[in-house]
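Data block below; observations after.
Any read-out appearing in this document is the output of simple, stated calculations on the displayed coordinates, not a laboratory observation. A quick note: this is a predicted structure, and the numbers were derived from the prediction, not measured. Methodologically, a virtual Cβ is constructed for each residue, glycine included, from the backbone with ideal geometry; neighbour enumeration extends over all protein chains shown.
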Amino acid sequence: MSESEKIVFTTLLSAIFGGSVAIVVCYINNRQAKESLARTLDANEKKLKADMHSQSSKTYKELVTAERIKWLNLLRESMAEYMSQTYILLNLSVNRDFLSGESKQAANRIFFQKQIEHNYKSINASFLVQLRLNPNQDNHKKLIEYMNELDQKVVKYLKADSENESLSLSFCVREEVEVFAIKCQELLKEEWDHVKKEASSPEEQI
């Protein structure tokens, strides 16, 4: 092999070797870039899923808390309606008992009409309160039991045979309604405290 051929051969080998090295380096760099990109994409995907889960949990928690606040407000309104309608029934009877003669006869007609109206409203409010309580929860169960006793006393008052009995029972029912109001306030406070504690505890499972 002549000297010129050696030079050409050497140059060719160098070119081939240099090209091969470049290809290998390019391949390695490309592979590393792909692996790095894959790791980045995987990390971003995990972060996105975590963010979505966190946001979903937060949204669900806020929804449940909002619904419980709504339930509390409806329960409070039903309790207030029940007590106000019971008081109206008591006042109807007391106002009638102080009348006499034709005035009393006219009052009796109005009284029975109003009695039916407000007794219906009282019963409806009573059902709403009880339906919004959980009979399997101890404090709710106790309030339901007390409310049933109060309802029975209201019925007894409405069926009173004499004015004296009616007047006596009306004062008894008033006292029971006042006790019932206190029990309602205690239950509402307990439930409100529970809602606030739950809302301020992000790790709590709902």
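Given a Förster distance of 22 Å, report the FRET efficiency between K189 and F127 from their Cβ-Cβ distance, rounded to the nearest 0.05.
About 0.40, to the nearest 0.05.
If you stretched the chain out fully between K141 and I182, how much longer would it get, using 0.36 nm times the residue separation minus the C-alpha to C-alpha distance? Walk me through the numbers on the way to the answer.
On the way: separation 41, 0.36 × 41 = 14.76 nm, distance 1.57 nm.
This chain segment gains 13.2 nm when fully extended.
Would you be so kind as to identify which of C184, V154, A199 lies farthest towards the positive end of the dipole of the stretch 65-199, taking Lys and Arg as +1 and Asp and Glu as -1 on Cβ and the Cα centre as origin?
A199
Distance in nm between label sites at K156 and Y87, each 7 Å beyond Cα in the beta-carbon direction?
In this crude label model, K156 to Y87 measures out at 2.3 nm.
Past 19 Å, Cα to Cα: identify those pairs from K70/K189; K156/K183; K70/K141; K141/K189, in the order given.
Beyond 19 Å between Cα atoms: K156/K183; K70/K141.
Fewest Cβ neighbours within 10 Å first, please rank V64, V155, V195, V173 accordingly.
If I rank by nearby Cβ atoms, fewest first, I get V155, V64, V195, V173.
Please compute the modelled spin-label separation between E175 and A199, points set 7 Å along Cα→Cβ, answer in nm with one decimal.
3.9
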